[in-house]
Each structure stands twice: as C-alpha cells, then as structure tokens.
Amino acid sequence: MADKGNWFLGVAVLVLAARTLLPPGPAAAQDAAWPADAGAMSSGHPSQLMLKAPALLAAGKGEEATFWFYAGQLRYRSYLATHPGVDPTGEPAVFSSLFETIGPDINAYAFGDIPKLAGTIDAVLAWDRRHPDPSLAGNAHETVRQGLEGLRKQILAEAETIRKERAARGLPNR
C-alpha cells in the first residue's frame with residue numbers, strides 16, 4: 001500500500017511541476033490578454049464596460065481602456081441590432097453619447113499602435129465567445145462580430161496610411 005501512495009505522490013508532483021514549467025495552453029494565454037475582471041464584467045451592461053475606459057486611460061492603462069471600450073461597443077451594437085424597436089431616445093441615444101464622448105480619446109490612443117489594437121480586437125472577440133451574453137444570441141450579434149473583425153482587417157491593411165495620417169496631424173505612433 002505504501003508503494004501506491006508514493007506513486008500517487010510522484011504523479012502529483014509531476015503534474016504540479018508540469019503546470020508551473022510548461023507554457024500555458026491557448027485558453028490560459030488568451031485569458032492573460034484580458035483584464036483581470038473580464039469574467040465578472042461579462043454580464044455587465046454595455047455602458048458599464050464603456051464607462052471603465054476613461055479612468056483606465058487616465059491611469060495610464062491604455063490597452064485595458066481600449067479593451068473595455070471595444071467590448072462595450074461590441075455588446076452595445078449587438079444589443080441595438082438585436083432589439084431594433086427600442087425607443088431611439090433611450091439606449092441608442094446613450095450609446096451614441098458614450099461613443100461620441102469616450103471614443104475620440106480611446107481611439108486617439110488605440111490607433112497609435114495598430115498591431116496592438118488588432119490584438120485587442122482579437123482579445124475582445126475571444127472574450128465575447130468565451131463569455132457570451134445570452135440575450136444577444138442570433139444572427140444580429142454575429143453580424144456585429146463580423147463588423148468588428150472587418151475593422152481589424154481594415155486597420156491592418158491600412159496601417160501605414162493610418163500611421164502617416166496620424167503623424168501629419170501631430171498624433172504619436174507607438
């Protein structure tokens with residue numbers, strides 16, 4: 001019986017060693033690209049997600065600010081596409097206001113490093129897949145996701161032009 005106990009102990013030690021020494025798997029690596037509270041915030045209202053961005057940007061956490069701004073946009077646009085009959089003075093007006101007030105500062109930061117922005121968009125899309133909002137199921141949400149994927153492809157294709165335009169306007173490129 002003692003040999004069996006030693007065997008289990010040996011296997012346990014090997015498993016722990018492997019988990020600490022081996023690189024993380026794809027899911028763990030993806031989770032690392034998300035803010036620490038990404039799982040908890042997945043059920044938050046899209047406005048809550050977008051409203052996290054300004055304080056994070058002011059605190060020097062531009063990548064995290066960009067993540068929440070784009071995650072909020074994805075969820076808000078999906079909500080509006082899934083519920084086309086909502087009162088235009090309600091949720092659509094709130095989204096528009098948030099987009100117009102928060103968006104310029106976040107995008108001024110985010111577009112300064114196109115590869116990072118593309119990576120953040122990938123992280124947002126992966127986060128959305130891992131933490132789906134059941135109220136957004138269906139074709140409308142998939143169409144909005146495809147739009148964000150299209151933006152990612154477009155900015156990568158036009159990266160050099162974006163860099164030149166930013167430089168001409170006095171905006172930094174990182």
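The values are calculated or read from the model by the stated rules, or taken from the named source; none is laboratory data. Model, not experiment: these values are computed from the prediction. A quick note on method: Cβ atoms are made from the backbone with ideal geometry, for glycine too, and the neighbour counts reach across all protein chains shown.
Among the residues making up the stretch 40-91, those that are outside any helix (DSSP H, G or I) and in contact with a His (Cβ under 9 Å, 6 or more places away or on another chain) are Ser42, Ser43.
Residues are listed down the side, and each one gets a yes or a no for (1) modelled with pLDDT under 95; (2) within 19 Å of His141 (Cα to Cα); (3) surrounded by fewer than 20 Cβ atoms within 10 Å (Cβ to Cβ); (4) over 19 Å from the mean Cα position of the chain (by Cα):
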position: Tyr76; (1), (2), (3), (4): no, yes, no, no
position: His83; (1), (2), (3), (4): yes, yes, yes, yes
position: Val86; (1), (2), (3), (4): yes, yes, yes, yes
position: Pro92; (1), (2), (3), (4): no, yes, yes, yes
position: Leu98; (1), (2), (3), (4): no, no, no, no
position: Gly103; (1), (2), (3), (4): no, no, yes, no
position: Gly112; (1), (2), (3), (4): no, no, yes, no
